[in-house]
1. For region 28-47, which positions are touching a strand residue (DSSP E or B) at 6+ places or on another chain (Cβ under 9 Å) and among the basic types (Lys, Arg)?
2. For residue 109, only one of the following conditions fails: (1) β-branched (Val, Ile, Thr); (2) farther than 15 Å from residue 42 by Cα; (3) surrounded by 10 or more Cβ atoms within 10 Å (Cβ to Cβ). What is its number?
3. Residue 73 versus (1) on the phi < 0 side of the Ramachandran plot; (2) modelled with pLDDT of 90 or more; (3) out of contact with any Leu (no Cβ under 7 Å at 6 or more places or on another chain): which is the lone unmet condition?
Amino acid sequence: MIRILALLLLLSAPAFAISDPAEALPDPKMEARAVEFGKTLRCLVCQNESIEDSGADLARDLRKIVRTKLAAGESEPQIRDWLVARYGDFVLLKPPMTLGTLALWASPVICLLVGGLVLVMMRRNPSAPPKPLSEAERKRLEGLTRT
């Protein structure tokens with residue numbers, strides 16, 4: 001009996017994603033479309049969850065916006081464009097490859113290459129050893145270190 005209850009509880013987990021039943025669209029096909037689209041959007045509070053999986057207030061607000069816009073007849077690209085215009089590419093769980101994201105991903109490799117180049121150049125051109133102290137400098141140093 002406990003196993004059955006535990007199984008039912010696990011199977012009902014997706015139902016907890018929408019905290020307010022009034023938030024769900026009345027058309028099951030439209031609701032399924034909203035859920036699938038919501039899984040492509042990042043919760044800006046949790047940062048590593050979709051708005052469908054997050055319980056944050058902002059994620060709930062974004063779910064309502066998505067459902068309202070879908071019910072109004074807007075397409076997913078229109079809604080995505082509106083969200084990106086408002087929140088930036090970060091709102092997408094899979095942001096597009098742009099020059100900015102490419103620089104972000106390439107920066108560690110570039111830093112390692114530049115560091116390696118600096119090390120190679122330093123080893124290739126070692127600095128000359130310091131020239132020995134003159135007699136006057138040596139006497140002055142002895143005078144400074146005695147006191």
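1. 39, 42
2. Status for residue 109: all satisfied but (3).
3. With (1) on the phi < 0 side of the Ramachandran plot; (2) modelled with pLDDT of 90 or more; (3) out of contact with any Leu (no Cβ under 7 Å at 6 or more places or on another chain) applied to residue 73, the lone miss is (1).
Matching residues to (1) under 30 Å from residue 30 (Cα atoms); (2) loosely packed, with under 11 Cβ neighbours inside 10 Å:
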position: 48; (1), (2): yes, yes
position: 73; (1), (2): yes, yes
position: 80; (1), (2): yes, no
position: 91; (1), (2): yes, no
position: 119; (1), (2): no, yes
position: 122; (1), (2): no, yes
position: 127; (1), (2): no, yes
position: 132; (1), (2): no, yes
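The values are calculated or read from the model by the stated rules, or taken from the named source; none is laboratory data. Keep in mind it's a predicted model, so treat the numbers as computed, not measured. In this analysis, Cβ positions are derived from the backbone assuming ideal geometry, glycine residues included, and neighbour counts consider all displayed protein chains.
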